[in-house]
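Beneath this line is the structure, given in C-alpha cells, with notes to follow.
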Amino acid sequence: MSNKPSSRSRRDFLRQSLVAVPAVSLLGTSAIAQTQASSTAAPAATATSKYTPRYFTAPEYEFLEAAVDRLIPANADGPGAVEAGVPEFLDRQMEAAYGHGGLWYMQGPFTPDAPATLGYQLRYTPREFYRKAIATIDDWCQKQHNQKFAALSADQRDAILHQLEKGEIKLDDVPATTFFSQLLTNTKEGYFADPMYGGNKQMGAWKMIGFPGARADFADWVEQPGKVYPFGPVSIEEAKS
C-alpha cells in the first residue's frame, strides 16, 4: 500500500515483524501499550525536545539507544528506532502497568526454560528484568572489550546482539535469549505503536509501510492489493480531534 521504493531486507524484516505484533498494537492498544493517560504520565517528546527518561538511568538509556539503533537502523526507506522514539516508548512503559508486571500472573513457580507459548516465566517484572539485564550485559562488555555496550562500534554491537539472540553469551541469572527476544519485541511495538505512546514519531513507521493508522475509512482499500493508499496515516489523538 506504500508508494515508496522498496528495500527488500528492510521491508521484509518490518513486514515480518507485523506478524508478531497484533494489528491492534499498531494503534496502541496491545498489552504493552495499555497505558491510560494520567496526570503522572510523561508527556511525549516533540521533534524539537529531548526526552528525559523517568525510569532508566542515563547509562541504561544509552544502552537502549545503542541497542535499538542496531535492531532497526535508519536507512533511505524510513527512520530508525532511535529517530522513531523507541527508547522513549520503552522508558514510559516501564512506569506503566506493563513495566510493573501488572498485566499478567507474577507468582511462582517460575520456569524460565519453558516454551514461549506458556507466557512470561521470569520472577522479575519487565522493569526489573531490563535493569538487571542491561547491567549484566554492560559488565560482560566491560570485561571482554574494556568498554560498555553503548561505547562499542556498530559492528561490535551487532555481534553481541547476535550472540545474545543465539544464547552464546552466558549472563548470571539472566537468560540472554529471553532478554534479546523481549527487547526485540518491545522495539517493534514501540516502532509501530501510536505516537501518543512515545514511539513512531511523526508516524514515520506507518508512512513507510503505508499503514492508515486510526482512520475509519480505509476498509475498501483492503480488497485492492497492490494499489497505493492515497491518504496518509492518522494517529489516535488526531482521530479524536
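Here, each number is a calculation from the coordinates, and none is a lab measurement. Keep in mind that this is a model prediction, so the values were computed, not measured. As a convention, Cβ positions derive from the backbone with ideal geometry for all residues, glycine included, and neighbour counts pool all protein chains shown.
Worth pointing out:
- From phi via Karplus (6.51, -1.76, 1.60), per-residue ³J(HN,Hα) for region 216-223 in Hz, x at Gly/Pro: 9, 10, 10, 4, 5, 7, 4, 8
- Neighbourhood net charge (13 Å Cβ-Cβ; Lys/Arg +1, Asp/Glu -1) for M196: -1
- Rounded, prolate or oblate (a/c below 1.5 giving rounded, otherwise prolate when a/b exceeds b/c) for region 91-138 by Cα gyration tensor: oblate
- Filtered GluC sites (Glu not before Pro), region 197-241: DSSP coil and at most 13 other beta carbons within 10 Å: E223
- Highest average packing first - 227-233, 203-209, 192-198, Cβ atoms within 10 Å: 192-198, 203-209, 227-233
- Length gained on full extension, T185 to E168, computed as 0.36 nm times the residue gap minus the Cα-Cα distance: 4.2 nm.
- Estimated vicinal HN-Hα couplings, Hz - region 69-79 in sequence order (Karplus 6.51, -1.76, 1.60; Gly, Pro = x): 4, 8, 6, 9, x, 6, 7, 5, 6, x, x
- Applying a DSSP loop filter and a limit of 15 other Cβ atoms within 10 Å to the trypsin sites (Lys or Arg not before Pro) in region 119-170 leaves R123, K170.
- Structure note, pairs K132/K207; K148/K170; K143/K166; K143/K201; K50/K170; K50/K148: Cα-Cα distances above 26 angstrom occur for K132/K207; K143/K201; K50/K170.
- Ordering 107-117, 67-77 by mean Cβ neighbour count within 10 Å, with the highest value first, yields 67-77, 107-117.
- Proximity of backbone amide H atoms, modeled 1.01 Å from N, is registered between V234 and G213, A214, R215 at under 5 Å, excluding neighbours fewer than 5 places apart on the same chain.
- Around D172: net Lys/Arg minus Asp/Glu count, Cβ-Cβ under 15 Å: +1
- Region 46-189: C-alpha gyration tensor shape, a/c 1.5 cut-off, then a/b vs b/c: oblate
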